[in-house]
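The values are calculated or read from the model by the stated rules, or taken from the named source; none is laboratory data. Keep in mind that this is a model prediction, so the values were computed, not measured. Quick reminder, even Gly has a Cβ in these numbers, built from the backbone with ideal geometry, and neighbours come from all protein chains shown.
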Amino acid sequence: MISTILLVALSLGGIALLITAALSPIETLSWWAGWTEEEIDEESPPHPTDPAPAHDENRLFVVYLSGIASLSGRFILPREKAFIKGLEQRFPEATIIDDVFPYSPAGLPLLASPRLFDRVWRFVQRIKLEGRSTILSMLINMRNIFQVMISADHRYGPIFNQGAATVIEAALLRAGYEQGSRAPITIIGYSGGGQVAIGASTFLKNRLGAPIDVISIGGVMASDPGLHFLRRLTHIRGAGDRFEKIGAIVFPERWSVMAHSEWNAAKRDGRITIRKMEPMSHAGIRGYFGLVKFDGITNNERTLDEVTDILSTVIAPSTAQ
């Protein structure tokens, strides 16, 4: 009986995954066509009624984009929450935003209705909250990987990334960011969030005119036109992170022979810095946000130290760009 239930669940999950893959470009195009406007209004937190406080142009705004295990901007794993809490403690003067869902051009969480197979996503969420890891829990990862591929796609990417930029911009404004203030913005993108961060930078730079830095934590990234609009990309790469290496392989424009690609041009300009951390894998207890101590310190703390060092150089830099 149990094996039958598991087989049915896996079959439904597989069907959901195949349909989600096929519909990934359609979700982006439907946002572009304005079919999801009502859903965006329902899911977006209300704008503050009190006027936002004035901000110094050197005040730092940090936007955190979760990895491919994310279900919504309001659901991130406990180990990521610990990392965010650490950032808030180390940079009390910065505004840190962690409620953006990067794997939808509308910022629409997987649990929001109407969505196909929303019951499947809710069931998978329960599994993750209970700390269980199953094949079904990988469905969220695969679904979000498809969205990362859309962001990196030369055909659909500009549309998807414009939507992602709109969602990030709205989150910044809700947090008190003032258009025209030129306050520096740093986007921290974990895993697939690194690609979305770079893709959205094209539109954020044009709209806000502020210097934008991206910190990639194990990011899987393409050679995206958004690199032209970044002041700096710092890529943190774990020595044991096999998943991160996928981006350097599956996106040919990142290969060294593609000398004129956006990626290699940014490297020549010194706007891409790669920091290697070891030992570090992509996820789990030995991942970037692992909470188990090795040699007296957790990987979460190691990553936090690395990001702290990077952010310390942009808290009060010259904002001219």
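State all residues of segment 75-92 that are assigned to a loop (DSSP other than H, G, I, E, B) and surrounded by 14 or more Cβ atoms within 10 Å (Cβ to Cβ); if no residue qualifies, say none. Within segment 75-92, Ile76, Leu77, Phe91 meet the criteria. For segment 120-173, filtered to residues that are within 21 Å of Pro105 (Cα to Cα) and of a type in the set (D, E, K, R), the residue that is modelled with the lowest pLDDT is Arg122. Take the conditions (1) within 18 Å of Gly219 (Cβ to Cβ); (2) in contact (Cβ under 8 Å) with a residue 60 or more places away in the chain; Ala165 misses just one of them, which is (2).
The requirement of being surrounded by 14 or more Cβ atoms within 10 Å (Cβ to Cβ) and within 27 Å of Ala82 (Cα to Cα) is satisfied by Ala283.
When you look at Thr313, is it among the hydroxyl-bearing types (Ser, Thr, Tyr) and either exposed (fewer than 14 other Cβ atoms within 10 Å of the Cβ) or in a loop (DSSP other than H, G, I, E, B) (or both), yes or no?
yes
None of Thr202, Thr186 is of a type outside the set (Gly, Ala, Ser) and either touching a Phe, Trp or Tyr at 6+ places or on another chain (Cβ under 6 Å) or free of Cβ contacts under 8 Å to residues at least 40 places away in the same chain (or both) except Thr202.
Residues of segment 192-221 that are of a type in the set (Ser, Thr, Tyr) and at pLDDT 95 or above: Ser201, Ser216. When the test is whether a residue is in a loop (DSSP other than H, G, I, E, B), of a type in the set (Gly, Ala, Ser) and touching a residue at least 12 places away in the same chain (Cβ under 8 Å), Gly247 does not pass it.
Taking the numbered list (1) within 24 Å of Gly157 (Cα to Cα); (2) touching a strand residue (DSSP E or B) at 6+ places or on another chain (Cβ under 7 Å) in turn, Gly226 passes all entries but (2).
A quick yes/no check of all residues on (1) surrounded by 11 or more Cβ atoms within 10 Å (Cβ to Cβ); (2) in a loop (DSSP other than H, G, I, E, B):
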| residue | (1), (2) |
| --- | --- |
| Val257 | no, yes |
| Trp263 | yes, no |
| Ala266 | yes, no |
| Gly270 | no, yes |
| Thr273 | yes, no |
| Pro279 | yes, yes |
| Asn300 | yes, no |
